[in-house]
Structure formats: C-alpha cells, structure tokens
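Here is the structure we will look at, set down as structure tokens.
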Amino acid sequence: MVDVREPDEVAEISVPDAKNIPLSALSNRVSELAGFSDIFFLCHSGGRSMRAAMFAESVGVKNIYNVTGGIMSWEMAGLPVQQ
C-alpha cells in the first residue's frame with residue numbers, strides 16, 4: 001500500500017504499514033516502488049491515487065491498483081486504520 005497523501009494528512013489517519021510517498025514526490029521516488037509485487041495507491045478520496053497509478057503505469061511499473069474512494073471508503077468499509 002502506497003499512500004500518496006501529504007505527510008500532514010497521513011498523520012491524521014492512515015492505513016497501518018502503508019508507505020507514504022506523496023504524489024508531489026512520486027516522480028523523484030518512483031524507484032522505491034521496485035520492491036513491491038503489487039502496488040495499491042491510496043489517497044483521501046481516490047483522485048490523487050488514480051493519478052499516481054497512471055504515472056506509475058506510464059513509467060513501466062506493473063501490478064498497480066487504485067483504491068477507489070480512498071481512505072474515506074477504506075475506513076467506511078471497516079478496514080484497519082490508525083489515528
């Protein structure tokens with residue numbers, strides 16, 4: 001899980017063990033995605049994570065997924081979060 005929100009957003013609520021790479025820094029940190037077999041991008045509501053997935057795909061990253069609805073939907077589904 002890669003959370004593409006800004007650090008201050010992640011500090012409020014996050015998915016346990018998600019790696020924070022803000023969308024604004026993704027192009028400089030894309031090499032950090034190499035260790036993942038499947039990459040799930042997450043943001044607040046799904047827009048930034050969709051852009052992150054599109055960018056990752058454009059540079060050849062494989063097995064990428066967008067968490068539709070972002071952390072809002074994640075939390076509403078009762079999935080684990082930390083605050």
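All of the numbers you see were taken from the coordinates with simple rules; none came from a lab. Quick caveat, the model's predicted, so the values are computed rather than measured. Heads up, the Cβs are rebuilt from the backbone with ideal geometry, glycines too, and the neighbour counts pull from every protein chain shown.
Quick notes on this one:
- Candidates Ala53, Ala34, Ala18: whichever shows maximal mean-square fluctuation once the chain is modelled as a Gaussian network with Cα springs under 10 Å: Ala34
- Nearest 10 degrees, 0 to 90: helix 47-58 Cα axis against the chain principal axis: 20 degrees
- Relative contact order (percent, whole number), segment 10-67, Cα cutoff 8 Å, 6+ residue spacing: 33 percent
- Where Rh is the Kirkwood radius over Cα pairs, Rg/Rh for the chain: 0.94
- For Ile64, the residues whose amide H sits under 5 Å from its own are Ile39, ignoring neighbours fewer than 5 places away on the same chain, with H placed 1.01 Å from N.
- Top of Ser27, Ser58, Ser14 by mean-square fluctuation, Gaussian network on the chain, Cα under 10 Å: Ser58
- Furthest towards positive pole of dipole, Ser27, Ser58, Met76, structure part segment 2-76, Cβ charges: Ser58
- Of all the options Asn20, Asn66, Asn28, the one that moves most in a Gaussian network model of the chain with Cα springs shorter than 10 angstrom is Asn28.
- Linear extension gain, Phe36 paired with Met54, 0.36 nm per residue minus alpha-carbon span: 4.8 nm
- Antiparallel bridges, percent of DSSP beta bridges restricted to the chain (to nearest 5): 10 percent
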